[in-house]
Amino acid sequence: MKSSLAISLTGVLTALNIVGRISLVILPNISPVAPLTLLAGYLGGSYVGFLVGFMSMFISDIYIGPGPWTLITGLGMGLVGVLGGLIRRLQLDYTLTLVISFIIVLFYDVFTSIVLMYPFGIPPYIAVINLFIPAIQYGIPYPMGLMHEYTSSVLFVGVLRTLRRYLGDSI
């Protein structure tokens, strides 16, 4: 990828992630960051994916509220972008891409939950279980982890299909 295209892709997707994350902060675990970071890795390669993921979390946390989690979530989302670059190399069909992207976001959620809960003395298995126990949001049981994985993987594959439809298989 040409450096000017990589810089443009990094800037645009990072900006979309920051604005999307800040504007959707009221909705629990629904955010464009994971799908657009996967897309950045897919379109621009693992390096671009890492930059978009890390910078999106780091910069948006400045507005949402930085803390010790900022570095952990930034590195985790950067890894999501790196893995997005690997998805392209595998040349999978849409169903497998959906499954793999679901697993990648699940890995991100498990990683960040374990690392962020460890200093508080919460055992790793409790941190992971809490991802899948529905929390009560607005009086409705809401499975935080599963919603994050589901919405991220579906949005990633949906955007990828749309781009392929209009731009062809060259992406």
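Treating the angle as unsigned and between 0 and 90°, give the value, to the nearest 10°, between the Cα long axis of helix 3-23 and the longest Cα principal axis of the chain.
It is inclined by approximately 30 degrees.
So for the chain, averaging the separation of alpha carbon pairs under 8 Å that are six or more residues apart and normalising by length, what relative contact order in percent results? Let's see the in-between values first.
Values: 251 pairs, mean separation 37.1, N = 171.
Value for the chain: 22 percent.
Dipole of the chain (Lys/Arg Cβ +1, Asp/Glu Cβ -1, origin at the Cα centre): which of THR112, LEU90, LEU131 lies farthest to the positive side?
Result: LEU90.
Starting at the first residue of region 119-126, write each ³J(HN,Hα) from the Karplus equation 6.51 cos²θ - 1.76 cosθ + 1.60 with θ = phi - 60°, in whole Hz, x for Gly and Pro.
Couplings: x, 8, x, 7, x, x, 5, 5 Hz.
Would you work out what percent of the accessible area of the chain, with all protein chains in place, is carbon or sulfur (probe 1.4 Å)?
Details: 6850 of 9250 Å².
Accessible surface attributable to carbon and sulfur in the chain totals 74 percent.
Shape of region 75-132 from its Cα gyration tensor (a ≥ b ≥ c, root eigenvalues): rounded if a/c is under 1.5, otherwise prolate when a/b > b/c, or oblate? Numbers along the way, then the final one.
Details: a/c = 5.13, a/b = 2.18, b/c = 2.35.
In terms of gyration-tensor shape, oblate.
Using just the helices of the chain, give the 222 nm mean residue ellipticity in deg cm²/dmol: DSSP H runs with n ≥ 4 each add -39,500 (n - 2.57), and the total is spread over all residues, rounded to 500.
Calculated at 222 nm, the ellipticity per residue is -26000 deg cm²/dmol.
What's the angle, to the nearest 10 degrees (0 to 90), between helix 46-64's Cα axis and the longest principal axis of the chain?
Taking Cα atoms only, the helix is inclined about 40 degrees.
Could you pull the accessible area for LEU163 with a 1.4 Å probe, rounded to 10 Å²?
For LEU163, solvent-accessible area is about 50 Å².
Which order do you get for ASP61, ASP93 if you rank them by accessible area with a 1.4 Å probe, largest at the top? Kindly include the intermediate steps, with their values, before the conclusion.
Working: ASP61 0, ASP93 90 Å².
Accessible-area ranking of ASP61, ASP93, largest first: ASP93, ASP61.
Could you give the accessible area per residue of region 19-171, probe 1.4 Å, as a whole number in Å²? Can you show the working numbers first?
Working: 8150 Å² over 153 residues.
Roughly 53 Å² per residue, with all protein chains present.
On a 0 to 90 degree scale, rounded to 10, what angle separates helix 69-90 from the longest Cα axis of the chain?
40 degrees
The values are calculated or read from the model by the stated rules, or taken from the named source; none is laboratory data. It should be emphasised that the depicted structure is a prediction, and the values quoted were computed from it without experimental measurement. Positions of Cβ are backbone-derived with ideal geometry, glycine not excepted, and every protein chain shown enters the neighbour counts. Accessible surface areas use protein heavy atoms only, side chains included; no ligands, DNA or RNA. Shrake-Rupley method; radii C 1.70, N 1.55, O 1.52, S 1.80 Å.
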